[in-house]
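Remarks on the structure that follows.
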């Protein structure tokens, strides 16, 4: 009888502890959509990251891609290889800033051809994010230009930002300093439009 009483008391003590912790999020950036899942039509195998690099396999319809990063600091490099049902694409090699925390493929401009996105975050306390994006036309991946913050946006910028895909948009979200008791975030949506040498992300009007 005493044993049953002790077990019952322990269960009561553990219940509020479990309830409190069940509501905690593992995402410390303050943005629950920071690593939004790919849009419909994509198939993403979870990426793996270690101290020296990142590796992830992506598919979109008949297209398949491998996103990898290797190296440290200024010597870090992004590599994207891919193919369609008929042949291999030209390999993409690009110097990389920050650590890749997520990669995805999508067709944000609706032309039936995939783009590949690698999202990175710096190691500084501000957590500055970047996106490396490529649109694949025939066998070549052309880099998609993503704009820097405007002077007006920079005045509001307080770091801890993230860039992610939401439906047909590239989205950037970051903390702002408005003197509020509760931290606020600003969200900017971008669409893909043809540019001089490929595509560019432009702020939605």
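Scanning the stretch 175-205 for residues that are over 26 Å from residue 111 (Cα atoms), part of a strand (DSSP E or B) and without any contact (Cβ under 8 Å) to a residue 40 or more places away in the chain gives 176, 184, 186.
Taken together, 96, 108 contain a single residue that is crowded, with 20+ Cβ neighbours inside 10 Å, closer than 21 Å to residue 195 by Cα, in contact (Cβ under 8 Å) with a residue 24 or more places away in the chain and touching a strand residue (DSSP E or B) at 6+ places or on another chain (Cβ under 7 Å), which is 108.
Here residue 137 passes the criteria (1) at pLDDT below 90; (2) surrounded by fewer than 21 Cβ atoms within 10 Å (Cβ to Cβ); (3) under 22 Å from residue 80 (Cα atoms); (4) touching a strand residue (DSSP E or B) at 6+ places or on another chain (Cβ under 7 Å) except the one numbered (4). Of the residues screened, residue 172 is one that is buried (at least 17 other Cβ atoms within 10 Å of the Cβ) and within 24 Å of residue 100 (Cβ to Cβ). Restricting to the stretch 69-93, name every residue that is under 17 Å from residue 132 (Cα atoms) and surrounded by fewer than 18 Cβ atoms within 10 Å (Cβ to Cβ). Passing the criteria: 70, 71, 73, 74, 75, 77, 79, 81, 90, 91, 93.
The values are calculated or read from the model by the stated rules, or taken from the named source; none is laboratory data. None of these values were measured; they are calculated from a predicted model. For neighbour counting, all protein chains shown are included, and Cβ atoms are generated from backbone atoms with ideal geometry for every residue, glycine included.
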